[in-house]
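Input: a single structure, listed below in structure tokens.
What follows is calculated from the coordinates using simple rules that are stated; it is not laboratory data. Computed from a predicted structure; not experimentally measured. Cβ sites come from the backbone with ideal geometry, for glycine too, and all protein chains shown count toward neighbours.
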Amino acid sequence: MKRLLWIVSFMLLGTLFVHSAYATANSNSQTVSASREASYLEKAFQVTNAHATGFVIHDFSTVNHSYLPSATTQRLAIDVASRLGLTDLRGKAQIKEGEHLFELSGKWPQMEVLVVVSSLNHTAMGHLDLQNDTTVVIRAVSNTDSLKSLPLRMNSIVNALSESHITPQIDAYIHGTLPSELTQTQTAKVVAHALTSVDAHRVEALQTKDITSVSAYSPEDSLYIVTRQNKMNLQVALHYDSNQRNTNVYVGVPFITDNY
């Protein structure tokens, strides 16, 4: 049921993952200002008064619109992982007609990192209406209450991709908890505090019995996505967990990519 709610929330918010390309106010700006993104994110999270339990950094970037040989795809995955400075690397591959996929998992201190490079021949797969493409996905997960490494690791991902001549498309979110169930009024105040802290205004919202999700836009950050012709660069979500009897809080830029 939770998974269904997550899918529905993304559909209602108009923020489908596969269409979540950044738009920028400055056409010359192709490199994400990761330090600024991290500061913006931390600022919005801290005013919720939630206890941080971790953060996730995610990037989904298109390398090109070509179908690369398996050896080239593998080299790209290794190159990106090497530039990230990962340790304890482990890899696996999936090679079949029309698809070359290489997955490398590794570590940073107190973080798990996954790098996936895939190259698809959509024609060979029968998808005649789609372009061939090669993409990179990076996912870095921290499950500690310290946010000190957030800006450092966002910068690490941006720099590694830029050095590989790949345009970063980075997003991130912080998750935490409040110790009890909140009333609707209390929930509204938490969301309002997060938005006000970065001078953001509400764009869209979803509310169910246990979940509140609000997307917003702030001029403090030049990066944004477009949902239903509206700019968006902040998402705040609260989910009451009846088993743990606490409220999970998520704040993401430009949106939250995972199940909440």
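Some observations on this one:
- Cross-linked pairs Lys43/Lys92; Lys107/Lys209; Lys189/Lys231; Lys43/Lys231; Lys43/Lys107: Cα-Cα separations exceed 29 Å for Lys43/Lys92; Lys107/Lys209.
- Region 212-260 - percent relative contact order, Cα under 8 Å, separation 6 or more: 33
- Region 184-232 shape via C-alpha gyration tensor axes, a/c threshold 1.5: oblate
- The chain: angle of helix 70-84 to the longest principal axis, Cα-based, in degrees nearest 10: 50
- Under the convention that each Lys and Arg Cβ holds +1 and each Asp and Glu Cβ holds -1, the size of the dipole of region 14-253 around its Cα centre is about 240 debye.
- Working note: 222 nm ellipticity from helices only, DSSP H runs with n ≥ 4, each -39,500 (n - 2.57), summed and divided by the residues of the chain, gives -8500 deg cm²/dmol to the nearest 500.
- The C-alpha atoms of the chain define a longest principal axis, and helix 150-163 lies at about 30 degrees to it.
- Whether the chain is rounded, prolate or oblate, judged on the alpha carbon gyration tensor where a/c under 1.5 counts as rounded: prolate
- Percentage relative contact order, the chain, counting C-alpha pairs under 8 Å, at least six apart: 26
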